[in-house]
Structure formats: C-alpha cells, structure tokens
Amino acid sequence: MTRTDDTEVPDYPGRLRLDGKGVVVLGAGQGIGRQATHALAQAGAKVLAVDLDPDLADDVAKEVDGHAWAGDATSREAVAELWRTAEERLGRVHALVDIIGMSKYQDLLSVTDEDWDWHQNVVLRHALLALQYGGAHMARNGGGAITFVASVSGLTGAPMHAAYGAAKAALMSLVRSASVELGPSGVRVNAVAPGVVWTPRVSAYLGDPGRAANAANAPLRDVARPADIAGPLLFLTGDLSRYVSGQVLTVDGGVGVKFPYPLPDMEAAPH
C-alpha cells in the first residue's frame, strides 16, 4: 500500500512550550495557583502572578522570576488597572489562567442573601471580568487561551455545596458561551473541574480522616494534589490543545464515573 499522508509532523513537546509568552495567573498565591504558576513558568512563560494578598503575590513571583500584582479581581476598577499593568509588564498577553474560587460549606436552607452574593462574587464575577478584559486584549492581539478552574460541584450535587455548586455550574456555562463568542477572534476558553484537591485549606478542613475517606472513594485510591490540576491547566494553555475550546475537563481520579457509591473493595471481590 502506498502511503498518501505527507503532512508535516509537528514538534509535539514544543507545542507545550510557552517560551516568551505572557500569562496572567489569577489566584496565584498558594495551592493550585502557585503550582500552575510554576508549571507555566517552567514551560517558558513570562508570568504575572495575581493575588489579593500582596505578600503571596510577591512570594510566588519571586519563585518564578515573574511579576506580581495585588488587588481585588472581583472589582471592575481593579481589573482594569490589572490589565494596564499586564500590558506594561508583559506586552502581549497570550494566556490567562484563573484559579480564584472558594466555598462556605453550609446547608441550602441556611444560605442567606449575603452568602449567595458572596459565592456569586468569589466564584463567578471575577471570571466575567477576566473574560471581558482578558478576552478583549487577546481578541485585539491575535488570540490566546483563557482557562478557569471550575469544580465537580458544578456537575453533581453535594451536601453543603448548593450555593458554591450553582456558581461553578454558571462558570462552566460562561466558559461555553465565551468560547463561541471569542472563538472567531482566535481566543480559546476552557475549564478544569477538579474533585477533592489536597490544598492547604482543604487539608485543614478535612484532616487525615477526610483524606483517607476520599482516597478510598476514588478508583485511583488517592486524592489530587495541586500539581495534578496544574498539569491539565498547562495543557489547555499551550498549543498542544490548540483545537480544544468550550470544554470542561474533569480531574477527579475517576470518582464521577463510577457506580456504586462508595467504591467496593475490588481486591476482595471474587474474580
């Protein structure tokens, strides 16, 4: 048989590289944000590390030889200033990675108006502003990639997660809409939806018993570390994923696809 495929074979590892490209990371100070900042910088990106806490932003920026910016990413005025700073320090911004998000664990019937607004603000509002300012910048400058951290709480129900899950579900809808609107300008928009990630905050909340229970519930028999989320974020930022847009990549160790719950002891089951 005569081969008819003479298409060029790209440099696949090279497509993962971000050499010289400007990347803004929102929520870079710790946990997933810090690991993502390191992953992007190791791939060659020039990073602007953004955090509400100026000390955390400075620490991470120094670790990766990047730039720091501190401010409230849910404030339109602050985000406008952020993007002026990004253009001054990075020039063209090729990518934005937004990790910001937090939950107040409480039952649905106890959620107040203030609680609801807080979740909408800390989970969703900054994403809207990131898309409006970051998307506009990239659309003017030849395209780019915008990637958010969503959550499996926006895909399934969980006790004490109603307000948080609703906001994360809205974030994933926003990702899809943004990918359609910004796609013609060369801007890709995606999200990663983690399950339980052993960040400093989660470890303090759940403790060792919570870690053991979640590891036992996962087909991979482990919980995710922040670096396990940083890897998919790096993939969605670089050209290796150049034709991926409007997608939500679940990173939960297989928890969301299994049945029954909890996971049976497969080693003890008859074969």
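Derivation of every value follows stated rules applied to the coordinates shown; laboratory data play no part. Everything quoted here is computed from the prediction, not taken from an experiment. Neighbour counts run over all protein chains shown; Cβ positions are idealised from the backbone, glycine included.
Taking H as built 1.01 Å from N, whose amide H comes closer than 5 Å to the amide H of Ala145, not counting residues under 5 places away?
Counting only residues 5 or more places away or on other chains, the set is Ala95, Leu96, Arg188.
Report the relative contact order of region 23-252, percent, no decimals, based on alpha-carbon pairs under 8 angstrom and at least 6 residues apart.
Answer for region 23-252 is 20 percent.
Rank-order 112-118, 170-176, 31-37, 219-225 by packing density, defined as the average count of other C-beta atoms within 10 Å over each peptide's residues, highest first.
Order by mean packing, descending: 31-37, 170-176, 219-225, 112-118.
5 Å is the cut-off here: which amide hydrogens, built 1.01 Å from N in the peptide plane, fall below it relative to Ala68, excluding neighbours closer than 5 in sequence?
Placed amide hydrogens put Ala49 under 5 Å from Ala68.
Got a sec to turn the phi values of region 217-222 into Karplus ³J(HN,Hα) couplings, 6.51 cos²θ - 1.76 cosθ + 1.60 with θ = phi - 60°, whole Hz, x for Gly and Pro?
For region 217-222, the Karplus-derived couplings read 7, 8, x, 7, 6, 7 Hz, x marking Gly and Pro.
Convert each backbone phi in region 237-244 into a coupling constant with the Karplus relation 6.51 cos²θ - 1.76 cosθ + 1.60 (shift: θ = phi - 60°), then list the ³J(HN,Hα) values in order as whole Hz, x for Gly and Pro.
These are the phi-based 3J(HN,Hα) values: 7, x, 6, 4, 10, 4, 10, 9 Hz.
Which shape class, rounded, prolate or oblate, goes with the chain when its Cα gyration tensor gives a ≥ b ≥ c as root eigenvalues, a/c under 1.5 marks rounded, and past that a/b bigger than b/c marks prolate?
The shape class here is oblate.
Grab the beta carbon distance between Thr112 and Arg15, set R0 = 45 Å, and tell me the FRET efficiency rounded to 0.05.
Working from the Cβ atoms, E equals 0.40.
Can you classify region 1-143 as rounded, prolate or oblate using the Cα gyration tensor, where a ≥ b ≥ c are the square roots of its eigenvalues, rounded means a/c under 1.5, and otherwise it's prolate if a/b beats b/c and oblate if not?
It comes out prolate by the Cα gyration axes.
Roughly how many nanometres apart are two label points built 7 Å out from the Cα toward the Cβ at Tyr243 and Glu88?
Simple spin-label model gives 4.2 nm for this pair.
Hey, can you grab everything whose amide H is under 5 Å from the amide H of Gly246? Only 5+ residues off in sequence or another chain; H modelled, so Pro and N-termini drop out.
Here the answer is Val189, Asn190, since their amide H atoms fall under 5 Å of that of Gly246.
Explain nothing, just the number: dipole magnitude of region 51-136 about its Cα centre with +1 on each Lys and Arg Cβ and -1 on each Asp and Glu Cβ, in debye rounded to the nearest 20.
The calculation lands at about 440 debye.
At 7 Å along the Cα-to-beta-carbon direction for both Thr7 and Val257, put a label point, then send me their distance in nm to one decimal.
It works out to 2.5 nm between the two label points.
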